[in-house]
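Every number in this text was worked out from the coordinates using simple rules, so none of it is lab data. It should be emphasised that the depicted structure is a prediction, and the values quoted were computed from it without experimental measurement. Cβ atoms come from the backbone with ideal geometry, glycine included; neighbour counts cover every protein chain shown.
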Number of protein chains: 2
Amino acid sequence: MSNKQEKDFVKDITKMEDDFAQWYTDVIKKTDLVDYSPVKGFMVIKPYGYALWEGIQSFLDKRFKETGHQNVYFPLLIPESLLNKEKEHVEGFAPEVAWVTHGGSEELAERLCVRPTSETIICSMYSKWLTTYRELPYLYNQWCSVVRWEKATRPFLRTSEFLWQEGHTIHETAEEAQEETLRMLNIYIEMAEELLAIPMVAGRKSDREKFAGAEATYTIEALMHDGKALQSGTSHNLAQHFTKAFDITFQGRTGELEYPHHTSWGCSTRLIGGVIMVHGDNRGLVLPPRLAPIQVVIVPIAQKKEGVLEHVNALYDELKAAGIRVKLDDSTENSPGWKFNEYEMKGVPLRLEVGPRDIENGVMMAARRDTLEKVTLERADAAQTVKALLDTIHYDMLEKARISRDEKTYVVKSYEEFKTKMVETPGFAKAMWCGEEACEAEVKAETGVTIRCIPFEQENLGDTCPFCGKPAKHMVYMAKAY
Amino acid sequence: MSNKQEKDFVKDITKMEDDFAQWYTDVIKKTDLVDYSPVKGFMVIKPYGYALWEGIQSFLDKRFKETGHQNVYFPLLIPESLLNKEKEHVEGFAPEVAWVTHGGSEELAERLCVRPTSETIICSMYSKWLTTYRELPYLYNQWCSVVRWEKATRPFLRTSEFLWQEGHTIHETAEEAQEETLRMLNIYIEMAEELLAIPMVAGRKSDREKFAGAEATYTIEALMHDGKALQSGTSHNLAQHFTKAFDITFQGRTGELEYPHHTSWGCSTRLIGGVIMVHGDNRGLVLPPRLAPIQVVIVPIAQKKEGVLEHVNALYDELKAAGIRVKLDDSTENSPGWKFNEYEMKGVPLRLEVGPRDIENGVMMAARRDTLEKVTLERADAAQTVKALLDTIHYDMLEKARISRDEKTYVVKSYEEFKTKMVETPGFAKAMWCGEEACEAEVKAETGVTIRCIPFEQENLGDTCPFCGKPAKHMVYMAKAY
């Protein structure tokens, strides 16, 4: 039973100013989101962490279905020969896949990889199914886990296995595929803002950073507290790269055989890391209300006094009936003070304290997790008041994150200025860029900073690329990234 | 493009009386539930098939949460050394697991198996987490896929990968673990009856048939049209077999270290095979209304006539607003007759036909898929009428399945009678049994028939085991099984 003593118990949360990475590790462990598994680089998602993923799933799944998509399931294992069909794709993924070589006691004739993403196996099936333009578009999505063998891993942010959804669509025309690519990116932006309260910078990836096999990759990028960016969702226009490699054809309107136009798009458990690093503080998690598994915790004060428990139980029932995710903590083991700390650490957006005097006065004390403010609320119409306050918290958190991001976003006009800023006050650098891969690679090699995206909203900051002096082509967002 | 010509198009559905296995294959292919993947034994679940799984997931997930369970996620890959810790378990599963031996280009120091089930990895974490009885019970569940390398596979019924849920709980006392084991079995029974309209025989597995590592396995067994049984869900009381092997301990109420009592329980995509083989007929699928992705299809008649499309669109909106999963097929490519066939084949429980004369008379023609009867319904209060009719269909299907099962259930008192019945009119044999594994093994070797369960509802059919003549111990249900 030696493992009991060895237990890695986090006693306190490191201050983020002192060591951001350690702060992150402390928070995810101490709030019971996740644990390390016996297989290096693989995480166990505990109930409180999984509930966050269920919130994301439920938001996205609804929007996918509203936009005409259906869920499907394709096999976990992909034959090596399929992976090899699209040249750029195999070069991008082969170095990081897990290989199954034996089934039971027999060695397999052909190795199978555990899916790192499913373009290849899905295209092999689309090629079998598609016959005519009348069947198009195929608008399919799957929820599953994928494996990518990573060397340096951190829970949620980069793990050898993660949970995600991957959408895979094919269309009659290039225009429709491009529309779909951007439609899904927009759903990700909406999810980030409306559910996670995280503002995103959206745009196209440079060719160097795009998905292996894509014509164009679009991305949403969030800025963390420490000034590093987190790629939070991508949508790829795959054009006909895979449909040609996999010989997917259909009889077009003119009777000719044509190749369809293809997209794929994905979001993963990585988003949970973003929620932690955008909203969290030195007391722990700060969860946006629409995502929080517990939106409101009720803590009775002097709960042994007559009428208190009855009162808070009635309040609990009222909030629950209104569809609010509410928890009543009437345990007698812990003091109210202990409970305040516990639910603050766990990021519960709103705490309601109710004691004998509050009951007498027809009020309740409400403590907001995001601002740590306390306000007195009328007991009457509690559900309506609480709902409105949760909404206020959501928009305040989104606004706070936007301000924090904008404060860490700099226009840079010279390479020197760029280097200073990226070291002294990390964040997004907005800069002009020549568009050349060699220039981008050199900046990365020298500074560790990458182009996060060529944003949809372009600004003209000058005529030359500050990194190489050549004529500027695009304005880009650059940052160190997770 | 040669694969286009080779396409395995099912033109017609084989009659089930002629070849039940071929009927099954025809139905799943022609109704687009599933397809074969490039990896032998692995299936692709298409949208119409996946929607059935989503129905099952949504029913069960709600019930799991109502009974206090939370969802979690444990890694896909399990180190060989963990699998080896429980002796019976490794013997049961090692011959059928897929082994990952390489990550990227490197050979792994230890092989990892793709989870065939997750008791071992979950127990390794429980051992790390648990400290005191105050934390018990752990009531966790996960939705995922598992891989078991199968030689002979059939979509849904037996595949090398399938989707399932696996619940894993630990409890302070043996009584609580036994209660949990039966609670979850009862939820499966409820799901089968209330959602799938399938009556189940429930009971305990013989030791020979129980889960590798279990103290006792409980099962629900359904009878298919062809008289073969389908094990449809199992719930295992694992006692302290794994908790001891994995050194999971807690400080008990007396201060002593104790091992918790353990259960696991699972249901899979196999249930979809059961729905097909219990309810289907020679026209194709017959889906129970509460599971059906499309509950009602509206087919307009003479839809070019003035007012018809307006009328059916209003009907569609009305039914949809009432929460009915309704489809309006107003395509002009296909005739109403073609549509009747198509949705009958796809098992849509109710078809509404509405033409100019119906509109004039304020009625609609309703065709039930289960009985193929046609009835005239009043257009007024359509949503209410349709909902009631869908409920009637559900209970009629459940009753029909019960009658069909009971007609194929025989009391057998001699081995000869047993052998004749099992060949001439396959079904459930109810028989007494001595309780000995050797006897059970011999019957299986000679007839291919296995003990499906020792049912909770015991009857005394005699004093001796008809197979070996020894004193009888239990009444059992026996059948050939999928």
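Odds and ends about this structure:
- Debye equation applied to the C-alpha atoms of region A:398-452, log10 I(q)/I(0) at 0.16, 0.18, 0.22, 0.32 Å⁻¹: -0.51, -0.62, -0.86, -1.38
- Helix B:437-447 axis versus longest C-alpha principal axis of chain B: approximately 40°, rounded to the nearest ten.
- Spatially proximal aspartates and glutamates relative to residue B:470 (Cα-Cα < 12 Å; intrachain offsets below 8 disregarded): B:436
- Segment residue A:54..residue A:12, full-extension length gain: 12.3 nm, with 0.36 nm per residue of separation and the alpha-carbon distance subtracted.
- Annotation: Cα Rg of region A:361-438 relative to the compact-globule expectation 2.2 N^0.38 Å equals 1.86.
- Distance cut-off 46 Å, percentage of C-alpha pairs in the protein assembly as shown lying past it: 35
- For residue A:381, label point 7 Å along C-beta direction: distances to other copies, nm: 3.8
- Gap separating the Cα centres of region A:431-482 and region A:49-114, nearest whole Å: 33
- Dividing the mean sequence gap of close Cα pairs (under 8 Å, 6+ apart) by how many residues chain A holds gives a relative contact order of 13 percent.
- Cα gyration tensor, region B:176-220 - rounded (a/c under 1.5), prolate or oblate: oblate
- In degrees, nearest ten, helix A:308-321 long axis to first principal axis of chain A (Cα): 30
- All Cα-Cα distances of chain B, cut into 20 Å bins from zero to the largest, leave 21, 49, 26, 4, 0 percent in each bin in turn.
- Tensor-based shape of region B:190-305 (alpha-carbon gyration tensor, a/c under 1.5 rounded, otherwise prolate or oblate): prolate
- Per the Debye formula on identical point scatterers at the alpha carbon atoms of region B:352-482, with no solvent, log10 I(q)/I(0) at q = 0.13, 0.17, 0.22 Å⁻¹ is -0.63, -0.84, -1.22.
- Mean ellipticity per residue at 222 nm, deg cm²/dmol - from DSSP H runs of n ≥ 4 across chain A, formula -39500 (n - 2.57): -11000 deg cm²/dmol
- Compared with the dominant principal axis of the Cα atoms in chain B, helix B:119-129 is inclined by about 70°.
- Sites residue A:283 and residue A:322, calculated FRET efficiency, Cβ-Cβ separation with R0 35 Å, nearest 0.05: 0.80
- Distance in nm between pseudo-label sites at residue B:132 and residue A:375 (7 Å out along the Cβ direction from Cα): 3.8
- Where Rh is the Kirkwood radius over Cα pairs, Rg/Rh for region B:309-381: 0.93
- Estimated D of region B:408-482 in µm² per second, where Rh is the Kirkwood radius over Cα pairs and Stokes-Einstein applies at 37 °C, 0.692 mPa s: 275
- Distance from the alpha carbon centroid of region A:335-399 to that of region B:320-341 works out to 50 angstrom.
- Each other copy holds its own label point for residue B:244; taking that point as 7 Å from Cα along Cα to Cβ, the gaps run 6.5 nm, nearest first.
- Estimated from the Cβ-Cβ distance and a Förster radius of 22 angstrom, the FRET efficiency linking residue A:470 and residue A:413 is about 0.90.
- Note on region A:47-270: Cα Rg divided by 2.2 N^0.38 Å, N the number of residues, gives 1.03.
- Taking other Cβ atoms within 10 Å as a rough exposure proxy, A:461, B:163 sort from fewest to most as A:461, B:163.
- Mean projected area of the convex hull spanned by the Cα atoms of region A:29-150, taken over all viewing directions: 10.6 nm².
- For region A:47-270, size of Cβ-based charge dipole, Lys and Arg +1, Asp and Glu -1, in debye: 340
- Euclidean distance of C-alpha centroids, region A:240-290 and region A:195-216, integer Å: 10
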